[in-house]
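The values are calculated or read from the model by the stated rules, or taken from the named source; none is laboratory data. What you see is a predicted model, and the numbers here were worked out from it, not measured in a lab. Neighbour counts are summed over all protein chains in view; Cβ atoms, including those assigned to glycine, are modelled from backbone coordinates with ideal geometry.
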Amino acid sequence: AQSVTQPDIHITVSEGASLELRCNYSYGATPYLFWYVQSPGQGLQLLLKYFSGDTLVQGIKGFEAEFKRSQSSFNLRKPSVHWSDAAEYFCAVGAFSGGYNKLIFGAGTRLAVHP
Amino acid sequence: DTEVTQTPKHLVMGMTNKKSLKCEQHMGHRAMYWYKQKAKKPPELMFVYSYEKLSINESVPSRFSPECPNSSLLNLHLHALQPEDSALYLCASSQEDRGETQYFGPGTRLLVL
């Protein structure tokens with residue numbers, strides 16, 4: 001069955017430090033891959049997506065992610081975190097499941113940023 | 001422009017009330033979605049409309065009734081809700097319903113008393 005795993009429920013980093021959020025997926029074919037960010041009480045904002053081609057994708061707000069087929073991973077990175085990056089981050093797979101295409105979300109990683 | 005708008009931002013209703021949530025997009029997308037999100041959880045898919053027709057109902061109770069009056073609008077009619085239905089309700093849209101990028105609205109925070 002298709003699934004998305006975000007192993008880290010909560011991460012705390014210092015402002016200016018680098019960040020990596022992990023995402024692993026289970027899917028038979030090459031999926032569509034997404035990272036969304038959600039500030040408290042807000043909707044989900046698309047950070048970046050991977051459909052095909054270059055496995056290193058650039059997104060908004062200085063984020064990037066790398067698709068590694070051999071590891072079934074799509075980790076999100078940022079070289080220097082800002083206090084405004086504190087939010088919930090969801091990795092998602094666009095996959096054919098249960099007879100139709102749907103977004104399968106990971107459980108999310110909550111990022112806290114220390115000044 | 002990748003904007004999806006939702007109204008109202010907040011809604012408080014009693015268990016006997018009838019209310020509606022509204023979602024609008026002007027990106028020419030032909031698929032629209034309703035999600036329910038509880039605190040500290042990922043969104044859960046409720047309904048999918050494709051070309052203004054209901055294509056997916058994820059076994060949602062009948063007290064939630066979706067409607068797609070045209071390709072830009074999506075409504076969610078609420079009736080006789082329970083306190084456990086309190087949540088953030090998110091609308092999203094995508095070009096088609098083939099797994100492409102979904103763009104989300106800001107959500108409606110619903111409290112059922």
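What to note about this one:
- Pair list, Cβ under 8 Å, 6 or more apart: the range A:71-87 residue under 26 Å from A:Gly41 (Cβ atoms), other residue in a strand (DSSP E or B) and of a type in the set (Ser, Thr, Tyr): A:Leu76/A:Tyr89; A:Val81/A:Ser14
- Residue pairs whose Cβ atoms lie under 7 Å apart, sitting 6 or more positions apart in sequence or on different chains, and linking a residue in the range A:2-17 that is farther than 23 Å from A:Leu103 by Cβ to a partner that is surrounded by 14 or more Cβ atoms within 10 Å (Cβ to Cβ), are A:Val13/A:Leu19; A:Val13/A:Val81; A:Val13/A:Val113; A:Glu15/A:Val81; A:Glu15/A:Val113; A:Gly16/A:Val81; A:Ala17/A:Val81.
- Residue check, B:Lys36 on the phi < 0 side of the Ramachandran plot and within 9 Å of another protein chain (Cβ to nearest Cβ): no
- Residue in the range A:89-100 that is under 22 Å from B:Arg109 (Cα atoms), surrounded by 14 or more Cβ atoms within 10 Å (Cβ to Cβ) and at pLDDT 95 or above present: yes
- Strands (runs of 3 or more DSSP E) contained in the range B:57-113 and holding at least 2 residues more than 10 Å from chain A (Cβ to nearest Cβ), without any contact (Cβ under 8 Å) to a residue 24 or more places away in the chain and in contact with a strand residue (DSSP E or B) (Cβ under 6 Å, 6 or more places away or on another chain): B:64-70
Rundown of residues vs (1) of a type in the set (Phe, Trp, Tyr); (2) over 13 Å from the mean Cα position of the chain (by Cα); (3) within 22 Å of B:Leu113 (Cβ to Cβ); (4) surrounded by 14 or more Cβ atoms within 10 Å (Cβ to Cβ), yes/no style:
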{"residue": "B:Met13", "(1), (2), (3), (4)": "no, yes, yes, yes"}
{"residue": "B:Cys23", "(1), (2), (3), (4)": "no, no, no, yes"}
{"residue": "B:Ala39", "(1), (2), (3), (4)": "no, yes, yes, no"}
{"residue": "B:Leu45", "(1), (2), (3), (4)": "no, no, no, yes"}
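- The set of residues in the range A:86-95 being at the interface with chain B (Cβ under 7 Å from one of its Cβ atoms) and in contact with a Lys or Arg (Cβ under 8 Å, 6 or more places away or on another chain) consists of A:Gly94, A:Ala95.
- Residues located in the range A:97-115, provided they are in a strand (DSSP E or B) and within 7 Å of chain B (Cβ to nearest Cβ): A:Tyr100, A:Asn101, A:Lys102, A:Leu103, A:Phe105
- Consider the range B:24-56 and keep the residues that are part of a loop (DSSP other than H, G, I, E, B) and of a type in the set (Gly, Ala, Ser). The one that is nearest to B:Ala92 (Cα to Cα) is B:Gly28.
- Residue match in the range A:6-24 (condition: within 12 Å of the chain's Cα centre (by Cα), at pLDDT below 95 and in a strand (DSSP E or B)): no
- Per the conditions (1) free of Cβ contacts under 8 Å to residues at least 60 places away in the same chain; (2) touching a Leu at 6+ places or on another chain (Cβ under 7 Å); (3) surrounded by 14 or more Cβ atoms within 10 Å (Cβ to Cβ); (4) within 12 Å of chain B (Cβ to nearest Cβ), the sole criterion not satisfied by A:Phe51 is (2).
- For the condition of a type in the set (Asp, Glu) and closer than 18 Å to A:Tyr36 by Cβ, B:Glu44 qualifies.
- Considering only residues in the range A:23-41 that are surrounded by fewer than 17 Cβ atoms within 10 Å (Cβ to Cβ) and on the phi < 0 side of the Ramachandran plot, the one that is farthest from the other protein chains (Cβ to nearest Cβ) turns out to be A:Ser26.
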